[in-house]
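Each value in this text was obtained by applying a stated rule to the coordinates, not by laboratory testing. Small disclaimer: the values here were computed from a predicted structure and weren't measured. Glycine gets a Cβ as well: all are built from the backbone with ideal geometry, and neighbour counts include every protein chain shown.
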Amino acid sequence: MSSNTLQGGGSGAKYTGKDHYESPDFYQLDDLLTDEQKLIRSSMRAFVKQEITPFIEDWCQQAIFPEHIVKKFGEIGAFGPTIPSLYGGGGLDYISYGLIMQEIERGDSGMRSTASVQGSLVMYPIFMFGTEEQKRKYLPKLANGEMLGCFGLTEPDHGSNPAGLTTNFRDQGDHYLLNGSKMWISNAPVADIAIVWAKDEDRRIHGLIVERGLEGFTTPETHGKWSLRASCTGELVFDNVKIPKENLLPVKSGLGAPLLCLDSARYGIAWGSIGAAMDCYYSARKYALERIQFEKPIASFQLIQKKLSEMLTEITKAQLLNWRLGDLMDQQKATTAQISLAKRNNVAVALEIAREARQIHGGMGITGDYSIMRHMMNLESVITYEGTHDIHLLILGNEITGIPAFN
Ligand SMILES: Cc1cc2nc3c(=O)[nH]c(=O)nc-3n(C[C@H](O)[C@H](O)[C@H](O)COP(=O)(O)OP(=O)(O)OC[C@H]3O[C@@H](n4cnc5c(N)ncnc54)[C@H](O)[C@@H]3O)c2cc1C
């Protein structure tokens, strides 16, 4: 371990060796959760306290992706919670899924990214758009963590505008030939399979399952990130890669297919980001009550109370938003614009809370002895990926006016 990291580095747990985190529930939202949902949350919280918070600071300081966590996520049921148990998933409702993401991101956004990508961006498209054979071949192994996947949509020249992607495949009779490249792909350097979005000869977008080991397929790692340092990010490069025809996802094509996956992942981010925010709030409140300046706890100063009050207000509003959105997801009524609103709002709120919590911790807030700065840097990625803050604003603008302002 690095010299400035002790066991229990997250959650205001400085030097105590234990993560005592408890979440705020100012509007008694627990009354709206079922016993099963509360049990799932407490199991995930215990898992995070045992498997993530004691080590995460060290992993991030050293930019290590802890590969062993994949199997552990599989065992606890963090992968594909809403996928039916027939295929190894949890068969759970969307509020349970949200709670799982909330607890993991309370530990670290990079860890939540690993789980989100696997569940929403790899298992979900195979489940929704795959053949029965593909589902049986991949889903159980992805669910139990035997396999890790990644999702390749973004390209060097096409980020906010994925419709323009140029990665392409050509029908060669008994196989497809895939060419192009993807950038900023979470899990890419260690993934066993990639869900790759590419255009056919008619320039229509399709999903392909690309397995590691195929000739011409490489996954160089992206180094030098100051954010999501415990998550592994890289490129996907395809140089005349022969793809078996049975690896095409046949049920849905067009840009709508990857966008549906993104709806599911963005929903998880709406919950996850508030997990990070709650960790920052918990740590800031604890620190403010313990830190003495001018012979008083800094919590007794009005300006500190203002920060804490505003944090709790925004967390409570976001919790209500998440619960209702989860309810709509379970009724299959949630719209893309509703999901955009929640992703955009909650990540922005979480980032602001992290910044305010950092101020409350004074100089200590920049160190790895507290989780704050790590959350803050992580959230700078979360506010950009899966649709930037401004792109979600434009999605809402389109919903309100009926006029797309993207181009
Ligand atoms: C750590 C990390 C992990 C990621 N993981 C994945 C992954 O697993 N899979 C994947 O496919 N992608 C992934 N991404 C990519 C991510 O989704 C993109 O970074 C994101 O969509 C933005 O694209 P871009 O970075 O190319 O920015 P750009 O699209 O170049 O945008 C730059 C700026 O211009 C603004 N902008 C762009 N268009 C408009 C417009 N029409 N109107 C107003 N403003 C506009 C944007 O809001 C932004 O502020 C990841 C990114 C990061 C940072």
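Across the chain, Cα pairs under 8 Å and at least six residues apart give a relative contact order of 19 percent. Legend: Rg and Dmax of the chain, from Cα coordinates, 21.1, 79 Å.
Give the order of VAL196, VAL210 when sorted by the count of other beta carbons within 10 angstrom, beginning with the fewest. Provide the component values of the computation, followed by the final result.
Values: VAL196 27, VAL210 24.
The most exposed by this proxy come first: VAL210, VAL196.
Where in region 218-255 does the amide nitrogen come within less than 12 Å of the point 7 Å from the Cα of ALA163, taken along Cα to Cβ? Of the residues in region 218-255, 255 have backbone N under 12 Å from the label point off ALA163. Positive contributions from Lys and Arg (+1) and negative ones from Asp and Glu (-1), summed over other residues with Cβ under 15 Å from the Cβ of GLY159, come out at -4. Per residue, the average separation of C-alpha pairs within less than 8 Å and at least 6 apart gives region 222-337 a relative contact order of 18 percent. Once the chain from LYS333 to LEU255 is taken as fully extended at 0.36 nm per residue, the excess over their C-alpha distance is 26.0 nm. Think of it as helices only: each DSSP H run of n ≥ 4 in the chain is worth -39500 (n - 2.57), and spread over all residues that comes to -15000 deg cm²/dmol at 222 nm. Residues TRP271, TRP197, TRP184 in ascending order of nearby Cβ atoms (within 10 Å, fewest first): TRP184, TRP197, TRP271. Each listed q (0.15 Å⁻¹) maps to a log10 I(q)/I(0) for region 161-225, found by the Debye formula over equal Cα scatterers with no solvent: -0.50. The length gained by stretching the chain between GLU201 and ASN407 to full extension, at 0.36 nm per residue less their Cα-Cα distance, is 71.7 nm.
Against the main long axis of the alpha-carbon atoms of the chain, helix 35-51 sits at an angle near 80°.
Spacing of the modelled spin labels on ASP239 and LYS72, each 7 Å from Cα toward Cβ, amounts to 3.7 nm. Between LYS306 and VAL190, the FRET efficiency estimated from the beta carbon spacing at R0 = 45 angstrom works out to 0.55. Averaging the Cα positions of each part gives two centres, and for region 175-239 and region 336-407 these lie 26 Å apart.
Subtracting the Cα-Cα distance of GLU380 and LEU39 from their residue separation scaled by 0.36 nm leaves 119.7 nm. Per Stokes-Einstein, at 10 °C and 1.306 mPa s, what whole-number D in µm² s⁻¹ belongs to region 257-407, with the Kirkwood radius over Cα pairs as the hydrodynamic radius? The estimated diffusion coefficient comes to 97 µm²/s.
Modelled label positions at ARG170 and SER85, each set 7 Å beyond Cα in the direction of Cβ, lie 4.9 nm from each other. Put in order of Cβ neighbour count within 10 Å, fewest first, the listed residues CYS150, CYS60 become CYS60, CYS150.
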